[in-house]
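Report on one structure; see the data block that follows.
The values are calculated or read from the model by the stated rules, or taken from the named source; none is laboratory data. Source: prediction; values computed, not measured. Quick reminder, even Gly has a Cβ in these numbers, built from the backbone with ideal geometry, and neighbours come from all protein chains shown.
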């Protein structure tokens, strides 16, 4: 089902969002708010339908629930990325386990929002993703290496022991920011501002989840990281 709102100057009306969610009340609430913000909204009520619409449509962003009938959001995300679909994906999840969020990020999701969420937070993340889509991932030129990891900034490519590592656009930008500021203590608020592009939310653990995902992909022993270190109660420091 597609809902559209007439465009008017200054709005992102040309931006199309696919909402894959099986809870009717949430579909209605989200669709109404997104339409009021000037987006076009296409909805799907289960994973199979969502996958089909994502593959056949031209969308600027996908809001993808994790717990879906017929095929869950993780499977849909995995399938889309395996088929080369690079549309930004925001996972909507009621799960509170960090490991579940890391799974989504490892499969190629760009961000997640935990239910229940404030609409203002979701909109901030959507706008931040659109801004990043038109902003270079890094001001760093050339390549950088640490341990068995090699980062090519021009090609936005990461290799580990010569094997390509799949990072989302946001993960790559986070890694690039760490490298640009190696040795410096970076607070979560600073990372949210510089990498995500929005102010800190009281309940957000977005930074921690993305750091955990980077560690899983780049550290030899993610539970005892060598390069992306936690500074207790203060933030992170990259030592590569």
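Among the residues of the range 28-36, is any in a strand (DSSP E or B), more than 20 Å from residue 196 (Cβ to Cβ) and at pLDDT below 95?
No, the range 28-36 contains no residue that is in a strand (DSSP E or B), more than 20 Å from residue 196 (Cβ to Cβ) and at pLDDT below 95.
Suppose the filter is surrounded by fewer than 17 Cβ atoms within 10 Å (Cβ to Cβ), assigned by TED's automatic domain parsing to the domain that holds residue 124, modelled with pLDDT under 95 and touching a helix residue (DSSP H, G or I) at 6+ places or on another chain (Cβ under 8 Å); does residue 55 pass it?
Criteria met by residue 55.
Working only within the range 149-174, note down all residues that are within 12 Å of residue 218 (Cα to Cα) and within 11 Å of the chain's Cα centre (by Cα).
167, 171, 172
Residues are listed down the side, and each one gets a yes or a no for (1) assigned to a loop (DSSP other than H, G, I, E, B); (2) at pLDDT 85 or above; (3) not assigned by TED's automatic domain parsing to the domain that holds residue 210:
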position: 77; (1), (2), (3): no, yes, yes
position: 80; (1), (2), (3): no, yes, yes
position: 86; (1), (2), (3): yes, no, yes
position: 90; (1), (2), (3): no, yes, yes
position: 96; (1), (2), (3): yes, no, yes
position: 113; (1), (2), (3): no, yes, yes
position: 128; (1), (2), (3): no, no, yes
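Residues are listed down the side, and each one gets a yes or a no for (1) in a helix (DSSP H, G or I); (2) touching a residue at least 12 places away in the same chain (Cβ under 8 Å); (3) surrounded by 14 or more Cβ atoms within 10 Å (Cβ to Cβ):
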residue	(1), (2), (3)
145	no, no, no
154	no, yes, no
177	yes, yes, yes
190	yes, yes, yes
213	yes, yes, yes
226	no, yes, yes
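Within the range 162-175, can one find any residue that is part of a strand (DSSP E or B), over 19 Å from residue 237 (Cβ atoms) and at pLDDT 90 or above?
Scanning the range 162-175 turns up at least one residue that is part of a strand (DSSP E or B), over 19 Å from residue 237 (Cβ atoms) and at pLDDT 90 or above.
The rows are residues; the columns are (1) in a helix (DSSP H, G or I); (2) outside the structural domain of residue 215 (by TED's automatic domain parsing); (3) surrounded by fewer than 21 Cβ atoms within 10 Å (Cβ to Cβ).
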position	(1), (2), (3)
22	no, yes, yes
41	no, yes, no
71	no, yes, yes
74	yes, yes, no
